[in-house]
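What follows is a single structure, written as structure tokens, with notes after it.
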Amino acid sequence: QVQLVESGGGLVQAGGSLRLSCAVSGSILRLTAMGWYRQAPGKQRELVAHITSGGITTYGVSVKGRFTISRDNVKNTVSLQMNSLKSEDTAVYYCNGQTFGPDYWGQGTQVTVSS
């Protein structure tokens, strides 16, 4: 069993930065890849960033160059550094863990960017 718990969300002004963290209980090594997704009111959940067990990263078009995903297999954490935040980044951010079986999701953390 794997559990994911996000932290680090909050309110920030446009142009500011936030760092989200996802703590993984159980073995992070079971997770073939991890990612951050977000969902704004009235919109579908979308991929923000993704990182494989080998460290290969993928980013959503709207965040590329501003956000950085990283994972620490020793500390069992996955982080998302978000810089140059915009009002359109406002959403609930979810941590996702993929295995060869089911996906796992955190409960979400709210990020609000004021313009």
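The values are calculated or read from the model by the stated rules, or taken from the named source; none is laboratory data. Quantities reported herein were computed from a predicted structural model and do not represent experimental measurements. With ideal geometry, Cβ positions are generated from the backbone for all residues, glycine too; neighbour counts draw on all protein chains shown. Calculation scope for accessible area: heavy atoms of the full protein, side chains included, ligands and nucleic acids excluded. Shrake-Rupley method; radii C 1.70, N 1.55, O 1.52, S 1.80 Å.
Any residue that is surrounded by 12 or more Cβ atoms within 10 Å (Cβ to Cβ) and within 11 Å of the chain's Cα centre (by Cα) - is there at least one of those in the range 61-68?
Taking every residue of the range 61-68 in turn, at least one turns out to be surrounded by 12 or more Cβ atoms within 10 Å (Cβ to Cβ) and within 11 Å of the chain's Cα centre (by Cα).
In the range 70-103, which residue that is of a type in the set (Asp, Glu) and without any contact (Cβ under 8 Å) to a residue 12 or more places away in the chain is nearest to Thr52 (Cα to Cα)?
Asp72
Which is of a type outside the set (A, V, I, L, M, F, W, C) and either farther than 15 Å from Leu20 by Cα or out of contact with any strand residue (DSSP E or B) (no Cβ under 7 Å at 6 or more places or on another chain) (or both), of Ser115, Ser79?
Residue meeting the stated conditions: Ser115.
Across the range 87-105, which residue is nearest to Ala33 (Cα to Cα) among those that are exposed (fewer than 14 other Cβ atoms within 10 Å of the Cβ) and out of contact with any Gly (no Cβ under 8 Å at 6 or more places or on another chain)?
Checked the range 87-105; the qualifying residue nearest to Ala33 (Cα to Cα) is Thr99.
Which is modelled with pLDDT under 95 and open to solvent by 70 Å² or more (accessible area, probe 1.4 Å), of Arg71, Arg45, Arg30, Arg19?
When all the criteria are applied, what remains is Arg30.
Within the range 69-79, is even one residue under 11 Å from the mean Cα position of the chain (by Cα) and charged (D, E, K, R)?
Yes, the conditions are met somewhere in the range 69-79.
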